[in-house]
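So the structure is just underneath, and the comments pick up after that.
Derivation of every value follows stated rules applied to the coordinates shown; laboratory data play no part. This structure is a prediction, so every number in the text was calculated from the model and none was measured. As a convention, Cβ positions derive from the backbone with ideal geometry for all residues, glycine included, and neighbour counts pool all protein chains shown.
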Amino acid sequence: MKKLTVKQFREALRTDRPVIDIQSWEDKIRMQHYCPLHPQVDQAILPLIDGRSDDEKIFKHLAFERWIRQHKIQLTRKAHHFVVGDLRKFAEQHGDIIWWEQSNRAYILTHGVSGVEWTHYRHPLPEYVYDVYMKYWNDVYFVQ
């Protein structure tokens, strides 16, 4: 998240099916992939890009991590506080609840995508990544 730019979000939001094109050098495992933006995220991102230059990083990641540590947001089912890594864990766990298709999940989260199959054969188009993602996540909304 800390490597993504304002330009990437602007480009995604100009399309009917917004996806962030994450380059290999921006990804933890060095895999280029698309990450769809949920409609609720679209609206939250607009104020973050307004008036900013394309080359700016969209998130001040270290400041966000520091804020999370200082505010100690309590998890509801564990005796622990929220950390940034919990976002990926939530996507995995909630994906099971909504029966999110495994291949789409693996691609978006870049989990379990090593090997010849992913390296040489699988590279879905952005509109299909978005459509499958929305099939599962469209009706999932979060309280603001």
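What to note about this one:
- Within a Gaussian network of the chain (alpha carbon springs, distance under 10 Å), most fluctuating of Y121, Y133, Y107: Y121
- Of every Cα-Cα pair in the range 6-137, the percent that sits beyond 27 Å: 26
- Most mobile of E101, E65, E26 in a GNM of the chain (Cα contacts under 10 Å): E65
- Summing Cβ point charges (Lys, Arg +1; Asp, Glu -1) relative to the Cα centre of the chain gives a dipole of roughly 700 debye.
- Of interest is the spacing of the C-alpha centroids, which for the range 76-97 and the range 54-73 amounts to 18 Å.
- The chain: relative contact order in percent, alpha carbon pairs under 8 Å with at least 6 residues between: 27
- Burial order of peptide ranges 66-72, 109-115 (average beta-carbon count within 10 Å, highest first): 109-115, 66-72
- Couplings 3J(HN,Hα) of the range 33-42, computed from phi: 7, 9, 10, x, 9, 5, x, 5, 6, 3 Hz, in residue order, whole Hz [Karplus 6.51 cos²θ - 1.76 cosθ + 1.60, θ = phi - 60°; x for Gly and Pro].
- Considering only L37, L62, L13, the Gaussian network model of the chain with Cα springs below 10 Å gives its largest mean-square fluctuation to L62.
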